[in-house]
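Each remark here refers to the structure printed beneath this line.
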Amino acid sequence: IETSGATEALNSMMLQSHESMIRIFPVWSMERDVTFTRLRAKGAFLISASVKDGAIQPITLFSEKGAPVRLENPWPGQTVMVESAKGDQSFEGDVISFETEAGATYGICPAPVKK
């Protein structure tokens, strides 16, 4: 119990989900590599993500119940790809919103830069 406050503080630095928005590494120092696995977000989502060499790496989102997700774009100014068994979708802008299916896993990453 004495350390639960510290754990909650660290979790909140890596993942926040309130006001219908999920934020990945909202206040984490990008100078420090870190990984989290299956942190719970509101809406029945389990999220895994990491920071390596100052950049957010691809994110995995597992939907337990099949709810809509709203994610603040972890790569501001970049197009984001959402990959699933049903196909890929691309999103632009500050907020990524899409429907999920119960039991489905989604890969979220910046889209490749076209040359």
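The values are calculated or read from the model by the stated rules, or taken from the named source; none is laboratory data. Computed from a prediction, not measured in an experiment: that's the story for all the values here. Glycine also receives a Cβ, built like all others from the backbone with ideal geometry; neighbour counts cover every protein chain displayed. With ligands, DNA and RNA removed, areas are computed over all heavy atoms of the protein, side chains included. Shrake-Rupley method; radii C 1.70, N 1.55, O 1.52, S 1.80 Å.
The set of residues in segment 7-24 that are modelled with pLDDT of 75 or more, of a type in the set (Ser, Thr, Tyr) and not in a strand (DSSP E or B) contains only SER20. One residue alone among GLU101, GLU31 is modelled with pLDDT of 95 or more and either surrounded by 10 or more Cβ atoms within 10 Å (Cβ to Cβ) or not in a strand (DSSP E or B) (or both), and that residue is GLU101.
Please go through segment 92-109 and give me each residue that is in contact (Cβ under 8 Å) with a residue 40 or more places away in the chain and either farther than 19 Å from MET21 by Cβ or among the aromatic types (Phe, Trp, Tyr) (or both), ordered by number. Once the filter is applied, which keeps residues that are in contact (Cβ under 8 Å) with a residue 40 or more places away in the chain and either farther than 19 Å from MET21 by Cβ or among the aromatic types (Phe, Trp, Tyr) (or both), segment 92-109 yields GLY103, ALA104, THR105, TYR106, GLY107, CYS109. For segment 69-77, the condition holds for no residue, the condition being that it is small (Gly, Ala, Ser), within 18 Å of CYS109 (Cβ to Cβ), at pLDDT 90 or above and in a strand (DSSP E or B). For ARG70, the criteria (1) within 19 Å of MET21 (Cβ to Cβ); (2) free of Cβ contacts under 8 Å to residues at least 40 places away in the same chain; (3) open to solvent by 30 Å² or more (accessible area, probe 1.4 Å); (4) in contact with a strand residue (DSSP E or B) (Cβ under 9 Å, 6 or more places away or on another chain) hold in every case but one, which is (2).
Can we say LYS86 is surrounded by fewer than 17 Cβ atoms within 10 Å (Cβ to Cβ) and modelled with pLDDT of 95 or more?
The answer is no for LYS86.
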